[in-house]
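Peer 1: One structure, pasted below without further comment.
Quick note: the coordinates plus some simple rules give every number you see, no bench work behind them. What you see is a predicted model; the values in this text were computed from it and never measured. Don't worry about glycine lacking a Cβ; one is built from the backbone with ideal geometry, like all the others, and counts go over all protein chains shown.
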Amino acid sequence: MSRFLATLSLALGFLAAAPLSAECVGHNLFDTMDPARKAEVTAAADAIPFARGNFWRATKGDQVITLAGTYHFDDPRHAANLAALMPAITGASLVLVEAGPEEEKALKAQIARDPSTMVITEGPLLNQQLPPDVWAQLSDAMSARGIPAFMTAKFKPWYVLTLLSIPPCAMLQMTSEPEGLDRLVIKAAQEAGVPVRALEPYDTLFKIFGNLTEAELTEMLVSTLAIEPQGEDYFTTLVDGYFAGESRAAWELMRFISYDMPGYTHAEVDAEFARMEEIVAASRNRAWIPVLTEAASKGPVFAAFGALHLSGQDGVLNLLQKQGFTLEELKL
């Protein structure tokens, strides 16, 4: 479960990553799953509002919002989706994204100005905070990503979790910033002269992890390390789910995998998932709705953000529907 949460932190769009190459591809976990369990996961996903589909149009009177659920890593399949979305992008009065160019600049400036944003500058280092066995596992996992133990010890837990969400083979291939759909949309808007604005402040990532206690962050590290051997499989399953328009199913898969973890009851897993979804998605979605609707009152809007923000009771689509918008899925 924490592996998936760590991956969700990448959905903030601030951090670089690399695509999986032909030599760095895991297996889709749904392909080898027991059919009965797969049916359970699929049913759980389908019970959630707007569980399927990445691209939508919301209309209310003369207000129009085109919504693109995105995947933040490189993938050649983005090209076809971008081409299909171009009329909505170039025809928009405003493009809204999770983090635009100005937010990226502000984030980099804050890290340069205040290193404690990302590294431990006071108090015990990570190797002194964690139990010896956990630290040993963590240092091995980070070493596999090309990061020596002395550097890992200085990183804040949120940053370590983010790095752990990237499989070692992909981490070692990182040469440039990702060209995920978000960044491609931003470039297309800029080239067309369409203004780009952020849905939220640049420091949202820090606030999200600031809502977690030290004990919770440590537990997340432990859980993430426990499934490290299957990291590429989880990554591949998430990617395949996105391009199939079924990102919610990947979330529900992690819930069911967590049900099988020792020491967890179903009720405890559900409670933790509900809290995590509230922290990383639902609370942000609710804050985005006024931004989206205010912008739409001034002209057509194109909004691009992580696909997992679309679904759920407090997903962007359901919240817009409650505001009186009519939702239409766009089949690209």
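Peer 1: Could you list the trypsin sites (Lys or Arg not before Pro) in segment 263-312 that lie in coil according to DSSP, counting only those with at most 12 other Cβ atoms within 10 Å of their Cβ?
Peer 2: Passing both the DSSP loop test and the Cβ count: 298.
Peer 1: Normalised by the residues of the chain, what does the relative contact order come to in percent, with Cα pairs under 8 Å and at least six apart?
Peer 2: 40 percent
Peer 1: Follow-up question, since we're still on this one. Quote to one decimal, in nm, the extra length available between residue 33 and residue 261 on full extension: 0.36 nm per residue of separation minus the C-alpha distance between them.
Peer 2: 80.4 nm
Peer 1: Taking the Cα centre as origin and putting +1 on Lys and Arg beta-carbons and -1 on Asp and Glu beta-carbons, what dipole magnitude results for the chain, to the nearest 20 debye?
Peer 2: The calculated dipole for the chain is roughly 880 debye.
Peer 1: Take the Cα of residue 332, step 7 Å along the line toward its Cβ, and report every residue of segment 220-244 whose backbone nitrogen sits under 12 Å from that point.
Peer 2: 243-244
Peer 1: Could I ask something else about it? Give the label of the value calculated from the structure for Rg and Dmax of the Cα atoms in Å, choosing from (1) 19.6, 61; (2) 21.5, 64; (3) 18.7, 58.
Peer 2: Working out Rg and Dmax of the Cα atoms in Å from the coordinates points to (1).
Peer 1: Round to a whole angstrom and tell me the spacing of the C-alpha centers of segment 308-332 and segment 119-159.
Peer 2: Segment 308-332 and segment 119-159 have Cα centres spaced 40 Å from each other.
Peer 1: Please work out how much length the chain gains when fully extended from residue 322 to residue 187, using 0.36 nm per residue of separation minus the C-alpha to C-alpha distance, in nm with one decimal.
Peer 2: Gain on extension, residue 322 to residue 187, equals 45.4 nm.
Peer 1: Now for a separate question. Taking the Cα of residue 86, stepping 7 Å toward and past its beta carbon, and measuring to each backbone N in segment 56-80: which are under 13 Å?
Peer 2: Correct set: 79-80.
Peer 1: Take each complete run of DSSP H in the chain, measure how far its Cα atoms stretch along the helix's own axis, and keep only those covering 20 Å or more with mean Kyte-Doolittle hydropathy at least -1.0; list them.
Peer 2: Span-like helices, by this rule, are 283-296.
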